[in-house]
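Novice: The structure's right below; bear with me while I get my questions together.
The values are calculated or read from the model by the stated rules, or taken from the named source; none is laboratory data. All figures in this text were calculated on a predicted structure; none of them were measured in a lab. Cβ placement follows ideal geometry from the backbone for every residue including glycine, while neighbour counts extend to all protein chains displayed.
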Amino acid sequence: MKWSFIIQQKLKAALILSLIMLVIILGTMVSKNNIKGIDQSFSSIYKDRLLPATTIIYLTENLYNKRLSLEKYLLSETPVTKRDIQGDLSGYDQNIDSLIKSFEGTYLVEQEAKSLVALKNRIQEYVLLEKMIINLCQAGHLSDGKSLFEGAGANTFQRTILNLNELTAIQSHVGQELITESKGNMASVHNIMAFQISIAVVVGLIILTLIKNSQIISKPKVKKMKEQNFNLN
């Protein structure tokens with residue numbers, strides 16, 4: 001009976017320890033996945049949020065420089081050739097195209113992609129207006145060129161800046177979501193670690209209990225052997 005009891009205890013202990021090991025392994029896998037998610041979130045914050053936010057700053061700078069260059073051309077008292085002003089504007093256009101391609105290479109949410117398409121359309125509209133303004137000035141219609149610059153040109157430029165502001169707002173919102181997600185993953189990792197520590201304590205208690213039970217079982221056996229030796233004497 002004692003041996004069967006010992007075997008039952010060992011089987012129970014083996015089953016419990018196996019379950020505990022399984023739980024620990026699953027917890028480790030979940031923790032690993034959460035840590036991977038945290039790493040991806042931080043990488044995305046840098047690659048898909050911080051860098052594009054910097055790109056938006058450079059886009060804004062180039063757009064304002066374009067408008068200032070055209071304004072100087074319209075207000076200049078000394079003649080500026082069409083080739084010179086077109087060369088200046090073309091340089092800014094190349095910078096803008098390069099920046100937009102860089103922005104498109106990042107991960108874009110749906111609203112972000114739509115806003116970027118709208119921005120590209122506004123930029124193309126503004127480029128066409130610039131050409132019309134320059135052609136009017138070269139044809140001797142300086143006042144008409146200025147009117148177009150201050151009217152439709154100003155409106156299109158403002159809408160372009162609004163598109164950039166919209167992209168900035170989306171960047172901020174998505175970045176905040178990534179930070180919240182990272183905090184959730186970190187909290188999950190902490191909870192799993194605390195649970196694993198608790199499991200380790202439980203394992204220790206189980207081992208101590210098994211040791212104690214084995215001692216209780218062995219003591220009567222030793223006592224019985226002593227009694228047998230006494231009777232023989």
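Novice: So is Gly87 in a loop (DSSP other than H, G, I, E, B) and out of contact with any Asp or Glu (no Cβ under 6 Å at 6 or more places or on another chain) or not?
Specialist: Against the criterion (in a loop (DSSP other than H, G, I, E, B) and out of contact with any Asp or Glu (no Cβ under 6 Å at 6 or more places or on another chain)), Gly87 does not qualify.
Novice: Would you call Leu108 in contact with a helix residue (DSSP H, G or I) (Cβ under 7 Å, 6 or more places away or on another chain), in a loop (DSSP other than H, G, I, E, B), surrounded by 17 or more Cβ atoms within 10 Å (Cβ to Cβ) and modelled with pLDDT under 90?
Specialist: Yes: the conditions hold for Leu108.
Novice: Does Asp84 satisfy the condition of being loosely packed, with under 14 Cβ neighbours inside 10 Å, modelled with pLDDT of 80 or more and charged (D, E, K, R)?
Specialist: When the stated conditions are applied, Asp84 passes them.
Novice: Scan the stretch 116-134 and tell me whether some residue there is without any contact (Cβ under 8 Å) to a residue 40 or more places away in the chain and farther than 19 Å from Leu162 by Cβ.
Specialist: Yes - at least one qualifying residue is present in the stretch 116-134.
Novice: I've got another one for you. Between a residue in the stretch 143-156 that is more than 15 Å from Val127 (Cα to Cα) and free of Cβ contacts under 8 Å to residues at least 12 places away in the same chain and any residue that is of a type in the set (A, V, I, L, M) and crowded, with 17+ Cβ neighbours inside 10 Å, which pairs come within a Cβ distance under 7 Å, given they are 6 or more apart or on different chains?
Specialist: Hits for this filter: Asp144/Leu136.
Matching residues to (1) modelled with pLDDT under 90; (2) over 21 Å from Thr60 (Cβ atoms); (3) in contact with a Ser or Thr (Cβ under 6 Å, 6 or more places away or on another chain):
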site: Glu112; (1), (2), (3): yes, no, no
site: Asn121; (1), (2), (3): no, no, no
site: Tyr126; (1), (2), (3): no, no, yes
site: Glu130; (1), (2), (3): no, no, no
site: Ile134; (1), (2), (3): no, yes, no
site: His141; (1), (2), (3): yes, yes, no
site: Asp144; (1), (2), (3): no, yes, no
site: Leu148; (1), (2), (3): no, yes, no
site: Gly153; (1), (2), (3): no, no, no
